[in-house]
Amino acid sequence: MKKLLAGLVCACIAIALAMATVCTWSMHIRADTARLYAERENALSLVGDDAAKYRGLTWTREAAKHDALMFFGSSELSSTVPPVIKGFFPNVQLRRNISCSGRAHMQNFEHALAIGANSEALHDADIVIFESLQWFFGDDIPIDGFMANFSEQHFQEFLNNPRISTTAKTYACKRFLALEKRRTSENIRTDVPESIKTCKIFRAGEKTLDYPQTHLLARSYLDHTFMGNVIAFSMRPYFAARGALLRLKDEYAAWQAMRNADPYFKRPLFDCRWQEKFTYRCECTWRTHGLTQSHSCGRHFLQRTC
């Protein structure tokens with residue numbers, strides 16, 4: 001009995017020390033992340049396709065603290081073509097910095113989850129969501145692109161957010177499960193004879209889930225039966241622990257990305273004669289490091305930018 005009690009005490013001490021270590025490490029990461037973002041905001045604002053930014057929380061919340069204009073989009077934010085909108089901020093009319101978040105094939109549903117997961121930080125923020133024309137072609141969204149950009153952390157934080165209505169959460173769960181069903185049905189093996197498709201090995205291959213934890217979370221949220229409520233209640237500790245782990249991973253990923261950013265990068269101040277945007281020519285000026293460079297842009301350029 002004494003050995004059992006001694007073992008329990010040692011286990012509790014070890015757990016307490018581990019938790020204290022993790023909490024101390026997390027506090028250090030958060031403090032250093034805030035410092036790094038303040039020092040390297042100019043370079044970090046242009047980054048949109050880093051997973052730590054479009055899938056996490058830390059980066060978005062730091063940007064919101066600095067009163068950035070929040071841009072949510074897809075491939076137009078990661079493109080290197082000069083006329084993209086992110087090249088026009090800050091400018092002489094609006095000197096605020098921006099925060100790009102998005103990569104190719106990202107959809108409105110994913111942006112809604114990101115904003116809902118960060119609603120407290122984005123409560124007073126100015127948010128811009130870019131609509132890509134290609135989203136409106138075809139019957140539905142490219143399912144592979146959706147799953148490649150999906151954030152389990154955003155989904156879980158969205159459901160945990162008390163500010164979001166039950167109706168919105170129910171829609172999010174149903175929408176995810178519908179997209180997931182499409183995903184699994186499109187992965188059916190076609191390279192085997194019909195006579196052996198019923199074998200367990202092929203059925204298992206057809207039902208592979210990209211995010212099994214999210215699948216379980218969405219199903220349990222929608223199941224209001226007695227057993228469903230029991231399962232949902234019993235799974236709360238697991239999802240709480242998993243959420244804490246996802247937050248730690250997010251904090252570390254954002255910290256690493258910010259450490260790698262260029263601390264000496266200077267954003268050019270964009271200046272254009274906006275009143276002449278419908279004319280054939282205008283003078284666009286970028287001011288960098290105290291130098292002024294003028295660029296005369298033609299009609300085609302004006303239609304896309306000025």
Inset, instruction - Give me the distance between the Cα centres of the stretch 26-100 and the stretch 227-246, rounded to whole Å. - result: 32 Å
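Only sites in a loop by DSSP and with at most 14 other Cβ atoms within 10 Å count here; which trypsin sites (Lys or Arg not before Pro) in the stretch 1-97 make the cut?
On the way: sites: Lys2, Lys3, Arg30, Arg35, Arg40, Lys53, Arg55, Arg61, Lys65, Lys86, Arg95, Arg96; in loops: Arg55, Arg95, Arg96.
Sites meeting the loop and neighbour criteria: Arg95, Arg96.
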Inset, instruction - Taking all protein chains together and a probe of 1.4 Å, list Phe89, Phe233, Phe176, Phe265 from the most accessible to the least accessible. - result: Phe233, Phe265, Phe89, Phe176
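Distance check, please: which entries in Lys86/Lys266; Lys65/Lys174; Lys53/Lys266; Lys86/Lys249 exceed 25 angstrom between their Cα atoms?
With Cα atoms farther than 25 Å apart: Lys65/Lys174; Lys86/Lys249.
The values are calculated or read from the model by the stated rules, or taken from the named source; none is laboratory data. What you see is a predicted model; the values in this text were computed from it and never measured. Glycine also receives a Cβ, built like all others from the backbone with ideal geometry; neighbour counts cover every protein chain displayed. Heads up: the accessible areas ignore ligands, DNA and RNA and are worked out on the full protein's heavy atoms, side chains in. Shrake-Rupley method; radii C 1.70, N 1.55, O 1.52, S 1.80 Å.
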